1. Which of the residues that make up region A:218-250 are aliphatic (A, V, I, L, M) and in a loop (DSSP other than H, G, I, E, B)?
2. Considering region A:131-148 alone, what residues qualify as being away from every other protein chain (no Cβ under 11 Å) and either in contact with a Phe, Trp or Tyr (Cβ under 6 Å, 6 or more places away or on another chain) or under 14 Å from residue A:294 (Cα atoms) (or both)?
3. Can you pull out the residues in region A:16-59 that are small (Gly, Ala, Ser), on the phi > 0 side of the Ramachandran plot and within 11 Å of DNA strand C (Cβ to nearest atom)?
4. Exactly one condition in (1) buried (at least 18 other Cβ atoms within 10 Å of the Cβ); (2) more than 13 Å from DNA strand D (Cβ to nearest atom) is false for residue B:14; which is it?
5. From (1) within 12 Å of chain B (Cβ to nearest Cβ); (2) free of Cβ contacts under 8 Å to residues at least 60 places away in the same chain; (3) touching a strand residue (DSSP E or B) at 6+ places or on another chain (Cβ under 9 Å), pick out the condition that doesn't hold for residue A:57.
6. Could you please find all residues in region B:60-78 being under 14 Å from residue B:46 (Cβ atoms) and within 12 Å of chain A (Cβ to nearest Cβ)?
7. Just need a number here: residues in region A:22-64 that are hydroxyl-bearing (Ser, Thr, Tyr) and more than 10 Å from DNA strand D (Cβ to nearest atom).
8. Restricting attention to region A:94-130, which residues are within 14 Å of chain B (Cβ to nearest Cβ) and among the aliphatic types (A, V, I, L, M)?
2 protein chains.
Amino acid sequence: MIGFSDLPRRSAMYTLKQMEAFYWSAVLGSFSASAKKLHASQSAIAKRVAELEGFAGAPLFERGARVLTLTPRGRRMVEMAQEMLALNARIVQKMAAPDSFQGLVRLGATELVGLTWLANLIDQTARQHPQLQLMPDIDGGVTLYRRLEEGSLDVAIMPGPFWSYEYESVPMGHIRNVWMASPSLALGGHGQLAPRDLLAYPVITQPTNSALTHLYDGWFAEQGLSVKRVLTCNSLGVVAQLTMLGLGISYLPPSYFGPLVAAGHLRQLDVVPELPQVHYYAVYKKALFNPMVARVVELASEVCDFNMRGSAMAGLPSLLAPRPEAQ
Amino acid sequence: MIGFSDLPRRSAMYTLKQMEAFYWSAVLGSFSASAKKLHASQSAIAKRVAELEGFAGAPLFERGARVLTLTPRGRRMVEMAQEMLALNARIVQKMAAPDSFQGLVRLGATELVGLTWLANLIDQTARQHPQLQLMPDIDGGVTLYRRLEEGSLDVAIMPGPFWSYEYESVPMGHIRNVWMASPSLALGGHGQLAPRDLLAYPVITQPTNSALTHLYDGWFAEQGLSVKRVLTCNSLGVVAQLTMLGLGISYLPPSYFGPLVAAGHLRQLDVVPELPQVHYYAVYKKALFNPMVARVVELASEVCDFNMRGSAMAGLPSLLAPRPEAQ
DNA sequence: ACAACTTACGTTACCCGTAACGATT
DNA sequence: AATCGTTACGGGTAACGTAAGTTGT
């Protein structure tokens, strides 16, 4: 009735696709690389960027012979695009239909995670996102980190934290390892021990690609001791078994190996100071903007629980089998 | 070389248009209204919303016979859409080509703004956005507010502030009015005056649709005095002229009428306490998300300056003309 | 009957991929 | 020669508007 309130006013528009194409072209420094990442032809990417430049009314890239260089206006656009893509990822993660998540997420984890709640995560993921396949990969923290770097993993659950702009670290709970020995070992009956009391015994650890190994080296160093690492084994279960057999001492999570302690196969040593707490994190590259990864991490933070026994624990009774008297 | 880093992963997508259509449908409560606002057919809007529901995997509206009701999922989507549209507005405002802003922005302003820096704003706007036409409208603050409410103005520059969720208020500087009288008036030569000294004289003000009038009524009330409003005129220049002619006293901004004081046509009265400062704001409805309005406000906040004389001041010498002895 | 949403349908326009070309190292 | 960006062309699809159909008030 007043009129004028529905006058045509337009300012040029752009699309999310254009922003995405521009952002990755800027980050990767080339249209071709961006095209490969986004599963489109390089021509399409170039056109989307050109359209975005039309929106901006000015070039966003300086087309060097071999490389793309951002113009000042392009640099500001990257910031905007980054915000937009981050918001987009949040929206997709929160609002998209569960079964629209389809594809593969490559998830790295350390063995303890695999032994406890990883199965739960896989189960929950399959339940809520039938089309989303999780490809878990168990390895040492150092290796996991390298694989994140090189892009052959999407996300890794491992001890942390990381201090890096590039990576997002989401807390996944924590555990405390304690020193364990075979009950047959003559090592401080039930009294308190000091770190140097341990020196006489070989230490069974996971290999040097384990983040824990590096973390605890620091603990030893603090005590003024050097590590005598004699036996290493990449399987935590086997480390426990070797410990039970009296081949050395080791640090193990009591939450998981409690039953073996209760059954008298392992003895928990009361060493002061205690080993430091280990905090676990889900780590992934911020720049990826992958809603599926974010969704998996969200699920992980809901189900993570190191006191839980995963289906992998089914293998434990067989470890006990050689010592029937434990029953 | 590592492989697997470029596996196809997709989660359903959506577009800005869909978000926009959904948001306005939710706010206005109907597809038809949304369609009118977005200058599209109602069919198109309904389809965009349907597509967004496909993305969400669930209905966002409950289709009542006459009204649309948001589902719980729809309510969450509105929040997301709001964020997205706000970010979109920022991007358009900051990055869009200047000449892509085309259309009409209806700008309300009070007279003092019109007399000082409004011309500058219009000039700057025309310079930077040739396709953007500003339609200024001078009126009292109360009227401006009503016209904002009813949608016949996009933005108004007026005394404030407003306290409302619905409106955005951007500061535009402030002024202080002082009491003025004709030098011929026998009113406290050069000594200090109290408010009650003014009671003997008629007060010339702008009409009751002026926000200032209401603001200063408060000042009088604080002094325990009732206002004797005898003459009102909607033109500030005429108020000044009537004051010069000795028909009464008035409050005027010394920054603008300083020359008349210096020329001896007006006398500035030293009344304590002073009239309160008046803060000006650009006010517009937050929910509009109109980048063009935001752009105009940004320009306004750059050029606002009540100490400036606009082109409208060209009319002032003619006001002086009747009193040639002032030269 | 009116006012709203839905559905159907024909047209348009846009977006993409292929392919040929040009430039640079 | 290899790699990257640009341009031109053709096909497919997705988005739009018109219009008819449906449903509640």
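The values are calculated or read from the model by the stated rules, or taken from the named source; none is laboratory data. This is a predicted model, so every value here is computed, not measured. Positions of Cβ are backbone-derived with ideal geometry, glycine not excepted, and every protein chain shown enters the neighbour counts.
1. A:225, A:227, A:245, A:247
2. Correct list: A:134 only.
3. none
4. For residue B:14, the failing item is (2).
5. (3)
6. Hit for region B:60-78 is B:60, nothing else.
7. Counting residues in region A:22-64 that are hydroxyl-bearing (Ser, Thr, Tyr) and more than 10 Å from DNA strand D (Cβ to nearest atom) gives 1.
8. Selection gives A:95, A:96, A:97, A:104, A:105, A:107.
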